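As structure tokens, the structure follows; a few thoughts come after it.
The values are calculated or read from the model by the stated rules, or taken from the named source; none is laboratory data. Keep in mind that what you see is a predicted model, and the values were worked out from it rather than measured. Positions of Cβ are backbone-derived with ideal geometry, glycine not excepted, and every protein chain shown enters the neighbour counts.
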Amino acid sequence: MMNKPVILVGRRLPAAVEKRLQRDYAPRLNTDDEIYSADQLVEFAAGAAAIIPCHTERLSADVIARLPDSVRAICSFSVGYDHIDLGAAKARGIIVTNTPDVLSNATAEVAMLLMLAAARRAHEGARMLRTDTWGDWSATGQLGIEVTGKRLGIIGMGRVGQVMARRARGFDMQIHYHNRRRIDADLEAGATFHADLDAMLPLCDFLSIHCPATPDTTGLLNAERIARLPDGAVVVNTARGAVVDDDALIAALQSGKLFAAGLDVFNGEPHIDPRYRELDNTFLLPHIGSATRETRDAMGFRALDNLDAIMTGRQPRDRLT
Ligand code: DGY
């Protein structure tokens, strides 16, 4: 019998996904779920045909250059691929895939959660109850901003952005979006396209970020752009921390230019800028956009479908290089 291909798995994956891996391959599982360093990734990849990383494993140009020749594929357990140097992988003939589609609902749910929680000051209210400091009901206390009927600007109208727009329409929100290109009218469903992001910002009572982190989008939400938002706007980010300039966002939250922010992703995760913690008008979550049982299984199976295709000489569905 032929030896099963060795697969280096970056993190602990859902049980059903690891079970399928064990059935079809010889996986090197990360049972301790520690985050591998660059050196460990290179060392543990010895003899492996493929790597399944999460966004926590940085496959930089340097790491990719040091990978053994046996590695033919990197099938990421993530839709984002800013942790992988695609150019370096391509140059070495390594196929890279991601897991789009399957996490759109879960991520849009968290974006809605952040938007509602930030607007309704959920962090402060929850803290009052947990610390037994609720001074009783008040007609003027704990006033937030109503979401219903407001204008929502979406940066990045891909799969997650489109689901977010659908959910927000359930709150009668008027949808504006900025994207590299206008999407088809049936997908737009009445949303207003803005080729110029700066022209859209003054129309956004709420702004939700859904674009990938690329050299073009790094620091996209900077001080100048925040200044263009209406006073008292709310910013939501479920994409990547790199899209936001932390100094600018924190200054706008401190000054009251922005009413609040709901954030699931951060620069330097898991060590976020501590100033976010000190602000009452932030609602913070630890990068759980895709963290539902259903979605994490689906992400794993999607990564394995891509791996299976590559290992049997077929075209993987989600090929990036
Ligand atoms: C993704 O899939 O990119 C999520 O951020 C989790 O990694």
*Within region 133-151, is even one residue surrounded by 20 or more Cβ atoms within 10 Å (Cβ to Cβ), in contact (Cβ under 8 Å) with a residue 24 or more places away in the chain and under 17 Å from residue 237 (Cβ atoms)?*
yes
*Is one or more of the residues making up region 213-233 crowded, with 16+ Cβ neighbours inside 10 Å, within 27 Å of residue 148 (Cα to Cα) and within 16 Å of the ligand (Cβ to nearest atom)?*
no
*Taking the residues in region 86-118 that are within 16 Å of the ligand (Cβ to nearest atom) and assigned to a loop (DSSP other than H, G, I, E, B) as candidates, determine which candidate is nearest to residue 142 (Cα to Cα).*
103
*Output for region 248-297, where each listed residue is over 19 Å from residue 208 (Cα atoms), in contact with a Leu (Cβ under 6 Å, 6 or more places away or on another chain) and either among the charged types (D, E, K, R) or within 14 Å of the ligand (Cβ to nearest atom) (or both)*: 295
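Here is a yes/no grid of residues against (1) over 21 Å from the mean Cα position of the chain (by Cα); (2) at pLDDT 95 or above; (3) of a type in the set (S, T, N, Q):
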site: 70; (1), (2), (3): yes, yes, yes
site: 74; (1), (2), (3): no, yes, no
site: 79; (1), (2), (3): no, yes, no
site: 89; (1), (2), (3): yes, yes, no
site: 99; (1), (2), (3): no, yes, yes
site: 112; (1), (2), (3): no, yes, no
site: 155; (1), (2), (3): no, yes, no
*Taking into account only those residues within region 68-85 that are among the hydrophobic types (A, V, I, L, M, F, W, C) and either within 16 Å of the ligand (Cβ to nearest atom) or in a strand (DSSP E or B) (or both), which is surrounded by the most Cβ atoms within 10 Å (Cβ to Cβ)?*
74
*State yes or no: is residue 133 part of a loop (DSSP other than H, G, I, E, B), within 16 Å of the ligand (Cβ to nearest atom) and at pLDDT 95 or above?*
no
*asked:* So, residue 171, is that one surrounded by 21 or more Cβ atoms within 10 Å (Cβ to Cβ) and of a type in the set (Phe, Trp, Tyr) or not?
replied: no
*asked:* Out of the residues in region 283-315 meeting the condition of being of a type outside the set (A, V, I, L, M) and buried (at least 22 other Cβ atoms within 10 Å of the Cβ), tell me which one is farthest from residue 6 (Cα to Cα).
replied: 283
*State yes or no: is residue 164 without any contact (Cβ under 8 Å) to a residue 60 or more places away in the chain, closer than 19 Å to residue 104 by Cβ and under 17 Å from the mean Cα position of the chain (by Cα)?*
yes
